[in-house]
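Worksheet for the structure shown next.
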Amino acid sequence: MAESLVERRSIDVVPDAERHGTAFSQFTLWLGANLQITAVVTGALAVVFGGDVVWSIAGLLLGNVLGGAVMALHSAQGPKLGLPQMIQSRAQFGVRGAVVPLLLVILMYVGFFASGSVLAGQATAELTHTNDTTGIVLFAAVTAVMAAVGYRVIHALGRVASVICALAFVYLGIRLLDRVDLSTLLSDAHFDLPMFLLAVSLSASWQLAFGPYVADYSRYLPRTTSGRATFWWTLSGSALGAQWSMTFGVLVAASAGGAFMGNQVEYVVGLGGTGLVASFLYFVIALGKLTINVLNTYGGFMSMVTSVSGFRGQKVLSPRGRAAYITLIMIAGTTVALLGKDSFLTSFKDFLLFLLTFFTPWSAINLVDYYLISKERYDIPALSDPHGRYGAWRWDALTVYVVGLLAQLPFLVTHFYTGPLVDPLGGADISWIVGLAVPAVLYWAVARRNTAHIPTKTVYAAESHGPVSPAS
């Protein structure tokens, strides 16, 4: 049992004999990962910062669909290649050059681990009758153990969470509608472009932040799994779960105002009732956060291994090494959570939007390369060889990435920095649109001039014994 449950793979390719499951597994995983309290808070922020109910919900929906489509395109890469998401970035940035976006990805995982632990720690503290600090530490420890077990338990957790959290959100939605006058909330609709685009940016950044690890959870699917099925099940689960949670957050924030923003966890539980019902809802909040925080911990572990292996050449990791990497993520995330738990909301909004600045150029380059330049053909063994066809550093992609970062700055709106072109646009933040469009066009223009490194077909590990002729 232990051998079948505990994952042995890390960043090495998953052999066909170990592939299993169906594309529907992506729906339950991403539905469960999005039916959780941090997504509720993200939706609430659209109202807290000035939006109305109708246009906040519409903006969040647009962002979830657009951002979810981008992350689902990454998910469809998993069954084809059998690789974690970020190691595939070596085909664009070079075996060692991929460490540049990887370092930023690791910071993202630590940040999301921390933000999730703040809210889950409150729920855990209520369940265990301790304080928030103890709750955060206990929650982090459970997260690390489940991430160490790996892929199978992560998907099992997603299946359980998708059912339990969905039932809980239906119940909470009914209780909320008993308390508020929905027609009054919906009647106060006044379109404001900057607030609408803020809502789009909040949900798009939520979805795009999954991009660097989404294929980690589809890579065990059989190679024959339809890319289209993987795309649609991932998109539908992630967009539905996020929109459900965020819409609930909008309605709660619009009706409760400061009562919700002052203590999000206790307010949501208070909607449901007291006694055993309250205990169950605290459990649901912790379960929902456990699902996504396990993904963040596992993704951080994979990214750290990918970063180190680019210089050391190591692909296979011992259980002790796996535990050490996961412990590092847990310690870093828990430390940030404990330091930032008293200024959570402002920090989280800026964190989300600032993250978007770094990951939209990466997504654009990765997707253009995979679907338009390489046309889904990679030499997988060469992804571990800095002297192979992809080289150690691919300066064309790295240059485009930096240009994509810089192109966003004039349009960026955060608490600590506002770009010079924001005021002429009425205060709207369109940096993420620029961050997708500019590097996508630039990379396509640069990369299509030199395709000598692209193999005629995807080369898997079992076929790597002899030389491979690049396509002309």
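The values are calculated or read from the model by the stated rules, or taken from the named source; none is laboratory data. Bear in mind that the values here come from a model prediction, so they are computed numbers and not experimental data. With ideal geometry, Cβ positions are generated from the backbone for all residues, glycine too; neighbour counts draw on all protein chains shown. The protein model used for the area step is the full one, side chains on, heavy atoms only, and it has no ligands, DNA or RNA in it. Shrake-Rupley method; radii C 1.70, N 1.55, O 1.52, S 1.80 Å.
In table form, for the structure just shown:
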{"quantity": "Enumeration of residues in the stretch 359-408 that are in a loop (DSSP other than H, G, I, E, B) and out of contact with any Pro (no Cβ under 8 Å at 6 or more places or on another chain)", "calculated": "374, 375, 376, 380, 385, 386, 387, 390, 391, 393, 394"}
{"quantity": "Every residue from the stretch 24-63 that is in a loop (DSSP other than H, G, I, E, B) and closer than 20 Å to residue 153 by Cβ", "calculated": "35, 36"}
{"quantity": "Selected residue [at pLDDT 90 or above, aliphatic (A, V, I, L, M) and within 18 Å of residue 98 (Cβ to Cβ)] from 440, 447", "calculated": "447"}
{"quantity": "Any chance residue 333 is surrounded by fewer than 18 Cβ atoms within 10 Å (Cβ to Cβ) and either at pLDDT 85 or above or touching a helix residue (DSSP H, G or I) at 6+ places or on another chain (Cβ under 6 Å) (or both)", "calculated": "no"}
{"quantity": "Every pair of residues 6+ apart whose Cβ atoms lie under 6 Å, when the first sits in the stretch 90-115 and is at negative phi while the second is among the basic types (Lys, Arg) and open to solvent by less than 10 Å² (accessible area, probe 1.4 Å)", "calculated": "98/90"}
{"quantity": "Residue list for the stretch 404-432, restricted to those being open to solvent by 40 Å² or more (accessible area, probe 1.4 Å) and either without any contact (Cβ under 8 Å) to a residue 12 or more places away in the chain or under 12 Å from residue 365 (Cα atoms) (or both)", "calculated": "406, 417, 418, 420, 421, 423, 424"}
{"quantity": "Residues being hydrophobic (A, V, I, L, M, F, W, C), within 13 Å of residue 43 (Cβ to Cβ) and surrounded by fewer than 24 Cβ atoms within 10 Å (Cβ to Cβ) - total across the stretch 206-250", "calculated": "2"}
{"quantity": "Residues within the stretch 409-454 that are assigned to a helix (DSSP H, G or I) and more than 20 Å from residue 373 (Cβ to Cβ), tallied", "calculated": "10"}
{"quantity": "Members of the stretch 1-23 found to be open to solvent by 50 Å² or more (accessible area, probe 1.4 Å), within 17 Å of residue 217 (Cβ to Cβ) and either at pLDDT 80 or above or outside any loop (DSSP other than H, G, I, E, B) (or both), listed by number", "calculated": "5, 18, 20, 22"}
{"quantity": "Unique match (being over 30 Å from residue 177 (Cα atoms), modelled with pLDDT of 85 or more and under 24 Å from the mean Cα position of the chain (by Cα)) among 306, 291, 327", "calculated": "327"}
{"quantity": "Hits in the stretch 126-145 - residues which are closer than 19 Å to residue 295 by Cα and either β-branched (Val, Ile, Thr) or surrounded by 20 or more Cβ atoms within 10 Å (Cβ to Cβ) (or both)", "calculated": "136, 137, 139, 140, 142, 143, 144, 145"}
{"quantity": "Residue that is within 29 Å of residue 430 (Cβ to Cβ) and surrounded by 15 or more Cβ atoms within 10 Å (Cβ to Cβ), where the choices are 196, 191, 280", "calculated": "196"}
